[in-house]
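*Asks:* Mind looking over this structure? Questions follow.
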Amino acid sequence: MPSFTSEQPMGRRVALARENTIPMYFRVAETIKARIESRQYRPGALIPPEKRLASEFGVSLITIRKAMDLLVREGLVSRKRGVGTWVLSFNHGRLPIKITGNFRDWFDSVSGRLQRLEAEVLEVQVAECPEQVARVMGLEEGAPIWRMRRVRKYRGEPISYYINYGPAELDQLVSASDFRRRSFLEVFQEKFGVRLGRIEQRVEATVADMDVSAILGVDF
């Protein structure tokens, strides 16, 4: 059990636009998460009581509880009946990865600069270009394309599986050893002098197939 301190922001009321299509509980959770990451709520600090949060955000207790449940699942806070909700240590088994924000923050996050990430290169070869990649890169389906598959690990546990594609000419310019301790973006920026200013991403949930399940150590 941590030793608690109560470090809370001023009790001003937060205005949440009702016409916003993002669920209210999610917006509440994101606000509290930002306070935790900015250390407005420090590790070990008690989060304000649910009734106070409900009043501050102008939402119901049910909305606050759903927000807190989300933060518990993300490993940011812990709850105990009769005690309250407190902030866990930033490194309490949680690895934050940004999917939005400015490019520098995103790059530091995914490249592992902020955490000690390991990378295992599974494959580097020239393969046939799949249809969806061909559309993005302006190639013919089945054309030769450079492909690299890697699994990244945090504290020895697999956390993500990557497939990178590039022009077939890369096969003569880079090797698997280039990527064991550096990210895909770092290699390109350092080796070819490329400076990236914008990243387009699409994030979706999907079911892991048998091969990916084996790589990540999850159930198929």
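The values are calculated or read from the model by the stated rules, or taken from the named source; none is laboratory data. Given the structure is predicted, the values throughout are model-derived calculations rather than measurements. Cβ: placed from backbone, ideal geometry, glycine included. Neighbour counts: every protein chain shown.
*Asks:* Being over 13 Å from L173 (Cβ atoms) and touching a Lys or Arg at 6+ places or on another chain (Cβ under 9 Å) is the filter here; which residues of segment 187-201 pass it?
*Replies:* Of everything in segment 187-201, just one residue is over 13 Å from L173 (Cβ atoms) and touching a Lys or Arg at 6+ places or on another chain (Cβ under 9 Å), namely Q189.
*Asks:* Restricted to segment 31-55, and to residues that are hydrophobic (A, V, I, L, M, F, W, C) and assigned to a helix (DSSP H, G or I), which residue is surrounded by the fewest Cβ atoms within 10 Å (Cβ to Cβ)?
*Replies:* A34
*Asks:* Okay, moving on. So, in segment 11-32, how many residues would count as being modelled with pLDDT of 85 or more and among the hydrophobic types (A, V, I, L, M, F, W, C)?
*Replies:* 5
*Asks:* Further, regarding this structure: Quick one: L216 ticks every box in (1) of a type outside the set (F, W, Y); (2) more than 22 Å from the chain's Cα centre (by Cα); (3) closer than 23 Å to A127 by Cβ bar one, so which box is it?
*Replies:* Unmet for L216, out of (1) of a type outside the set (F, W, Y); (2) more than 22 Å from the chain's Cα centre (by Cα); (3) closer than 23 Å to A127 by Cβ: (2).
*Asks:* Mind telling me which of the residues R39, R52, R35 ends up being among the charged types (D, E, K, R), over 30 Å from K153 (Cα atoms) and modelled with pLDDT of 75 or more?
*Replies:* Only one candidate passes the filter, namely R52.
*Asks:* In this structure, does Q125 turn out to be modelled with pLDDT under 90, assigned by TED's automatic domain parsing to the domain that holds E169 and in contact with a strand residue (DSSP E or B) (Cβ under 7 Å, 6 or more places away or on another chain)?
*Replies:* So Q125 fails the test.
*Asks:* So is V212 in a helix (DSSP H, G or I) and in contact (Cβ under 8 Å) with a residue 24 or more places away in the chain or not?
*Replies:* Criteria met by V212.
*Asks:* Right, another one. Just to be sure before I move on: is D108 in a helix (DSSP H, G or I), modelled with pLDDT of 90 or more and acidic (D, E) in the structure I sent?
*Replies:* no
*Asks:* Ok, one more. Within segment 146-189, which residues are farther than 26 Å from A214 by Cα, among the charged types (D, E, K, R) and either within 24 Å of the chain's Cα centre (by Cα) or crowded, with 16+ Cβ neighbours inside 10 Å (or both)?
*Replies:* D171, E186
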